[in-house]
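First the structure, in the form of structure tokens, and then the observations on it.
Taken together, the values in this text are just the output of simple stated rules run on the coordinates, not laboratory data. In this text, all values refer to a predicted model and were calculated from it rather than measured experimentally. For neighbour counting, all protein chains shown are included, and Cβ atoms are generated from backbone atoms with ideal geometry for every residue, glycine included.
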Amino acid sequence: VFARKVLDARGRVSDADLAAVRLAGFSDAQVIEIVASVALNVLTNYINNVAETDIDFPVVLAAQAA
């Protein structure tokens, strides 16, 4: 949930979001790791979009995954 909030808010999460993730038992170091993972995935997606990287595995549609 927190990672999605980081993504949706483009990193500008609220104090309440931070309090909730800490209340769930995550340390400050783990919160930073979550933010870094989100940022790395966004960066990787941007690079792949610009480079038009070929997908080397079958595409799975959301309806098929459910």
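Filter the trypsin sites (Lys or Arg not before Pro) in segment 8-66 down to the DSSP loop ones having no more than 10 other Cβ atoms within 10 Å, then list what survives. Don't jump to the answer; show the numbers that get you there.
Numbers: sites: ARG10, ARG12, ARG22; in loops: ARG10, ARG12.
Qualifying residues, ordered by number: ARG10, ARG12.
In nanometres, what is the gap between the two model label sites at ALA36 and ALA3, each 7 Å from Cα along Cα-to-Cβ?
Reported label-point gap for ALA36 and ALA3 is 1.5 nm.
Hey, if you put +1 on the Cβ of every Lys and Arg and -1 on every Asp and Glu Cβ in the chain, which of ASN45, PRO58, PHE2 ends up farthest toward the positive end of that dipole?
PHE2
Quick one: putting +1 on the C-beta of Lys and Arg, -1 on the C-beta of Asp and Glu, what dipole do you get for the chain around its Cα centre, in Debye to the nearest 20? Let's see the in-between values first.
On the way: 5 positive and 8 negative charges, 56 e Å.
Once rounded to the nearest 20, the dipole reads 280 debye.
Note the angle between two axes, namely the Cα long axis of helix 28-51 and the longest principal axis of the Cα atoms of the chain, as a number of degrees from 0 to 90, rounded to the nearest 10.
20
Could you give the alpha-carbon Rg of the chain over 2.2 N^0.38 Å, rounded to two decimals? List each step's numbers first, then the result.
Values: Rg = 15.2 Å, N = 66, 2.2 N^0.38 = 10.8 Å.
Taking the Cα Rg and dividing by 2.2 N^0.38 Å, one obtains 1.41.
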